[in-house]
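Chemist: Structure incoming, see below.
The values are calculated or read from the model by the stated rules, or taken from the named source; none is laboratory data. Bear in mind the structure is a predicted one, so any value in this text is a computation, not a measurement. Cβ coordinates were reconstructed from backbone atoms using ideal geometry, including for glycine residues, and neighbour counts include every protein chain displayed.
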Amino acid sequence: MKKLFILLFSFALLSCTKKEIKIPTLSEKGIQELHNHSQVWMFLAVKNNDTIANVNRKNTISTTHWIFNIDKNLPLKAIIPSIITLQDKHENSMHSKEGMHEYFSYSDTISKKLSFLAFDGVIYKTDSVLSKYYIKTNSNNYLEYNNINLTFNPNNVRLNDTEIEKSEFKTTLLEFIDFSSEGKKTMLHLNFNDKLLYQDYLFYKTMIHNFEDKNISTNKIEFIFDQNKVPDCGCK
């Protein structure tokens, strides 16, 4: 409870400067206690009619875990470049300490507690190449898996090349895995439209993370794409 109080107290201090962050609200379980952490804040701002992220990491310490508090209404294109830069700083600073991780924060509506999702080790590929093409050019790395490509757009979700209902995403995906795996371990490859809001990004991330099946893994590479550069993304 002391650690949670510190986090909320820090948020209150930042709110006093007339900046506000609305973190995602999700009905998914996560980590609820963290020792030895410092925080990154990404506020929503508008500049020249464009939504941007104002980043505050003044109080981050390289020898601690880093908690990323990100406004849920920011699109991925506004936050991914900063996340990549901060991942590098945390890992490669001269004061970095082995075993320190990065976490996204959100409000768990079931437990009514602040929760965290670890994302260290994620590699963001931002050159608008979809996973299905990446797999083809790196096929030797994925031959042993039942490979499933998931594409998340603001208005739809695609399983391989088929659109599925967001409300039925989990059920449909698990049924398809059961049908298609044929004894192989399944690997999920995640593709995110850079117009997708952070709230929706974390919704899918936490849900997939909580699949309790040792035969389902997720590619550490996440494919972030510009829909104007990907004609077959299924975007609407």
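Chemist: Being among the polar types (S, T, N, Q) and touching a residue at least 12 places away in the same chain (Cβ under 8 Å): is that true of SER180 here?
Modeler: yes
Chemist: Among the residues in the range 100-110, are any acidic (Asp, Glu), part of a helix (DSSP H, G or I) and assigned by TED's automatic domain parsing to the domain that holds ASN36?
Modeler: no
Chemist: Looking at ASP200, is it of a type in the set (D, E, K, R) and over 30 Å from PHE43 (Cα atoms)?
Modeler: Here the answer is no, as ASP200 does not meet what is asked.
Chemist: If you don't mind, another one. Being in contact with a strand residue (DSSP E or B) (Cβ under 6 Å, 6 or more places away or on another chain) and small (Gly, Ala, Ser): is that true of SER167 here?
Modeler: Here the answer is no, as SER167 does not meet what is asked.
Chemist: Another question about this same structure. In the range 202-220, which residue that is in contact (Cβ under 8 Å) with a residue 60 or more places away in the chain and within 15 Å of ASP108 (Cα to Cα) is surrounded by the fewest Cβ atoms within 10 Å (Cβ to Cβ)?
Modeler: By that ranking, first place goes to ASN210.
Chemist: Cβ-Cβ below 8 Å, separation at least six or inter-chain, first residue in the range 54-66 and under 18 Å from ILE84 (Cβ atoms), second among the β-branched types (Val, Ile, Thr) and buried (at least 16 other Cβ atoms within 10 Å of the Cβ): which pairs?
Modeler: Qualifying pairs under 8 Å: VAL55/VAL40; ASN56/VAL40; ARG57/VAL40; THR60/VAL40; TRP66/VAL40; TRP66/THR60.
Chemist: Just a yes or no: is a residue in the range 132-141 touching a Ser or Thr at 6+ places or on another chain (Cβ under 8 Å) and surrounded by 17 or more Cβ atoms within 10 Å (Cβ to Cβ)?
Modeler: Checked the range 132-141: no residue is touching a Ser or Thr at 6+ places or on another chain (Cβ under 8 Å) and surrounded by 17 or more Cβ atoms within 10 Å (Cβ to Cβ).
Chemist: A further question on this structure: If we keep just the residues of the range 1-37 that are buried (at least 18 other Cβ atoms within 10 Å of the Cβ) and under 23 Å from ASP88 (Cα atoms), which is modelled with the lowest pLDDT?
Modeler: LEU34
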